[in-house]
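This report concerns only the one structure given below.
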Amino acid sequence: MPASIRARLVRLTAAVVTAAPVAVLGATTPHTATAAGPAPTVTARLWEPPTDLEPLDAALDQRRTKPVRLVFLGSSTTQGLGASDPARAYAAQVVSRLSLVKPTYGVADSTVALGAAPTASKGIEGFNGGQGGTWVGNYLSDAALQSIAATRPACVFHMIGSNDSVLGVSPATYESYLRANLARIDRAVDTPVCHVLVHTFRRDGVAPEVWAEFGTALDRIDASHPRAFAVDASRVFARRGVPGADPFGLLAADGVHPSDAGHALLARVAVGRVAKRLALTR
């Protein structure tokens, strides 16, 4: 071996031997003490499931042996208006996309109307309680609440506020009603349930700053309710020209409800945020 190469190997071996030890996940890493006193010890922590979506996380872990039940509440978009087929609507898309992230391996996932009898089958089952024309003050009827209690979902997806912004409901009133509705569900369901709060796209004619306040209201609920998680889909739609020119065809012909592409984007954002929160894609 040439002397120059031998010398390089000697230097490299010496550098490896004298290098600082590599930290191991879950192990404590000592820091060098200084004149000011002993250095603190840093402990690496493993990932832990977030508590806000814990009921959903626990249910998904058992999806191959027990049903994972999701309830969808909202107005006409949640109901499915604008979609060419119920299977292409936002609620059904959330169920199908979530089942892709957490596969059930041959078990048929489904979305039915809220009020249908829950099954005992395994897999992910959605119950759609969306009602066109509703606002935060009446989207959760007493009948719907009874059905939710009987369904015992792991998670409820709320997408409400679009009609409120057009009707002139203040963000403060919106937040107050929504908090009350979450509390009603929490009291009615005898098992832990989490809430996903979806901030949909801004309607044409609604001031951007007003719609932003509706989103901020969801963020405040997220920060204060132990099992609430806010998802902002409005920014994605705004970047893609809604409201506005809509170059990607996210709105249906009426200019109010999402098209198939819009429903798919709403579901993709919702599932993407939930999956990231639960580290399902890690």
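The values are calculated or read from the model by the stated rules, or taken from the named source; none is laboratory data. All figures in this text were calculated on a predicted structure; none of them were measured in a lab. Cβ sites come from the backbone with ideal geometry, for glycine too, and all protein chains shown count toward neighbours. Ligands, DNA and RNA are stripped out before the accessible areas are found, and what is left, the full protein with its side chains, is counted by its heavy atoms. Shrake-Rupley method; radii C 1.70, N 1.55, O 1.52, S 1.80 Å.
Ranked from largest to smallest solvent-accessible area, with a 1.4 Å probe on the protein heavy atoms, Y139, Y177 come out as Y177, Y139.
What does the accessible area of T119 come to, in Å² to the nearest 10, when a probe of 1.4 Å is used? Here the residue's solvent-accessible area equals roughly 60 Å².
Towards the positive end of the charge dipole of region 157-282, with charges on Cβ (+1 Lys, Arg; -1 Asp, Glu), say which of P208, V231, L278 has the farthest Cα. After comparing all options, I get L278.
Using the 1.4 Å probe convention, the accessible area of region 97-214 works out to 43 Å² per residue with neighbouring protein chains retained. Among 231-238, 125-132, the peptide with the highest mean count of other Cβ atoms within 10 Å heads the list, and the full ranking is 125-132, 231-238. Measuring nothing but protein heavy atoms, the accessible surface of region 112-186 at 1.4 Å probe radius is 54 percent carbon and sulfur.
Taking amide H positions as modeled 1.01 Å from N, with prolines and chain starts lacking one, the residues under 5 Å from C194 and 5 or more places away or on another chain are L56, C155, V156.
Checking the a/c ratio against 1.5 first, then a/b against b/c, what shape does the Cα gyration tensor give for region 157-280?
oblate
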